[in-house]
Amino acid sequence: MMQFLLICLGGAIGTGARFALVTGITALLGPQFPYGTIAVNVLGSFLVGAIVQTSTATDLVTPTLRLVLTAGFLGGFTTYSAFNNETVRFVHENLWGRALANVGVTVVTCLVAGFAGVALARRLFGT
């Protein structure tokens, strides 16, 4: 039961962090393109790669902490549903270029960030 509550707490904190980051980036860059959603998904992909690699290569991340950080915090922080909604909205508005750019940028940068997170964790903590 404690593990469940910790994951829920992590999710709530992740959701708040996502809101803050998306709001800040949107204020800075404008609402024409979902830069904030892309940023949280790229950062989340990087962090999940680093956390999973660190937890498998060291004892620094316990199995419970791994779940709290990945399923909890990053589950609340990353935004596949927002990515999906924004892409569908672009299609409905006949903004096909923006829709395709959103899909391409999100998929490529999140994959690169995930691999970068693994690489950083390997460099810091070994294989």
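The values are calculated or read from the model by the stated rules, or taken from the named source; none is laboratory data. All values derive from a computational prediction rather than experimental measurement. In this analysis, Cβ positions are derived from the backbone assuming ideal geometry, glycine residues included, and neighbour counts consider all displayed protein chains. To get the accessible areas, we keep the full protein, side chains included, count just its heavy atoms, and leave off ligands, DNA and RNA. Shrake-Rupley method; radii C 1.70, N 1.55, O 1.52, S 1.80 Å.
When the residues of the stretch 86-95 are filtered to those that are of a type in the set (A, V, I, L, M) and over 20 Å from the mean Cα position of the chain (by Cα), the one that is surrounded by the most Cβ atoms within 10 Å (Cβ to Cβ) is L95.
Name the residue that is most open to solvent (accessible area, probe 1.4 Å), counting only residues in the stretch 1-60 that are among the aromatic types (F, W, Y) and assigned to a helix (DSSP H, G or I). Across the stretch 1-60, the extreme among qualifying residues is F19. Filtered by the rule that a residue be assigned to a helix (DSSP H, G or I) and either buried (at least 22 other Cβ atoms within 10 Å of the Cβ) or free of Cβ contacts under 8 Å to residues at least 24 places away in the same chain (or both), the stretch 71-82 gives G72, F73, L74, G76, F77, S81. Does the stretch 92-105 hold any residues that are in a helix (DSSP H, G or I) and at pLDDT 95 or above, and which are they? W96, G97, R98, A99, L100, A101, N102, V103, G104, V105, listed by residue number. Scanning the stretch 61-70 for residues that are more than 15 Å from V118 (Cα to Cα) and open to solvent by 40 Å² or more (accessible area, probe 1.4 Å) yields a total of 6.
Scanning the stretch 96-111 for residues that are among the hydrophobic types (A, V, I, L, M, F, W, C) and either surrounded by 17 or more Cβ atoms within 10 Å (Cβ to Cβ) or free of Cβ contacts under 8 Å to residues at least 40 places away in the same chain (or both) gives W96, A99, L100, V103, V107, V108, C110. Residues that are free of Cβ contacts under 8 Å to residues at least 40 places away in the same chain, of a type in the set (G, A, S) and closer than 16 Å to F83 by Cβ within the stretch 1-43 comprise G36, A39, listed in sequence order.
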